[in-house]
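First up is the structure itself, then whatever we jot down about it.
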Amino acid sequence: MGCVFQSTEDKCIFKIDWILSSGEQAKDEYVLYYYSNLSVPIGRFQNRVQLMGDILCNDGSLLLQDVQEADQGTYTCEIRLKGESQVFKKAVVLHVLPEEPKELMVRVGEMIRMGCVFQSTEVKHVTKVEWIFSGRRAKEEIVFRYYHKLRMSVGYSQSWGHFQNRVNLVGDIFRNDGSIVLQGVRESDGGNYTCSIHLGNLVFKKTIVLHVSPEEPRKW
């Protein structure tokens, strides 16, 4: 969540406060404060938030990870400069989508969509998406990989092994969505699918358990 104080004054940041307002009835909740070169996450946001901006450039931007439904609301950033009574404020509204199911059921021969979305406040491009399959007996197997070359603004995707030509990326990469569709499901496709989405040095992982039931018998 971005928060930059653009000023012509050559003064350093003295204090930063990030505050969450969840609604009319809920009390305001401190997320993080910065004071005397010390950044302190508060309460349930401990180990999930950190300042990502360059303090020397009056940038108090915040990174929130492992986003939860309760995190939805209006985040207000307040920046104070040394020797200044003026307070810079910026509000950011965060909407949190419900988490997709982690266990899915499909019949042989059908297609199935497996969702994987990195909900992050960090403004970075997806550099890599990888899906790994782990069955009951088989070793881990690459299902799908996507690479994005920032210099060329081009993405490359590829499915592997017995998943070749049966997997397609259907998520919007520009929205950190690495969801895939698996077509022509086989009994051997049942198992764990782990998705990894890379945003620079940040990595989000999610595992989906796929249960495959036999094809329905034909009625004569």
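Observations, loosely collected:
- Pick from the stretch 60-79, criterion of a type in the set (D, E, K, R) and at pLDDT 85 or above, ranking: least open to solvent (accessible area, probe 1.4 Å): Asp71
- Which listed residue is at pLDDT 85 or above, out of contact with any strand residue (DSSP E or B) (no Cβ under 6 Å at 6 or more places or on another chain) and of a type in the set (Lys, Arg), from Arg136, Arg151, Arg175, Arg145: Arg175
- Entry remark, the stretch 47-59: residues being open to solvent by 60 Å² or more (accessible area, probe 1.4 Å) and either part of a strand (DSSP E or B) or under 14 Å from Leu20 (Cβ atoms) (or both) number 1 in total.
- Pairs, first under 22 Å from Leu38 (Cβ atoms) and modelled with pLDDT under 80 in the stretch 1-15, second of a type in the set (Asp, Glu) and open to solvent by less than 50 Å² (accessible area, probe 1.4 Å), C-beta under 9 Å, six or more apart: Phe5/Asp59
- Scanning the stretch 65-99 for residues that are among the hydroxyl-bearing types (Ser, Thr, Tyr) and without any contact (Cβ under 8 Å) to a residue 60 or more places away in the chain yields Thr74, Thr76, Ser85.
- Hits in the stretch 33-42 - residues which are loosely packed, with under 10 Cβ neighbours inside 10 Å and under 15 Å from Asp17 (Cβ atoms): Ser36, Leu38
The values are calculated or read from the model by the stated rules, or taken from the named source; none is laboratory data. Because the structure is predicted, anything quoted here is derived from the model rather than measured. Positions of Cβ are backbone-derived with ideal geometry, glycine not excepted, and every protein chain shown enters the neighbour counts. Side chains are part of the model used for accessible areas, which takes the heavy atoms of the whole protein and leaves out ligands, DNA and RNA. Shrake-Rupley method; radii C 1.70, N 1.55, O 1.52, S 1.80 Å.
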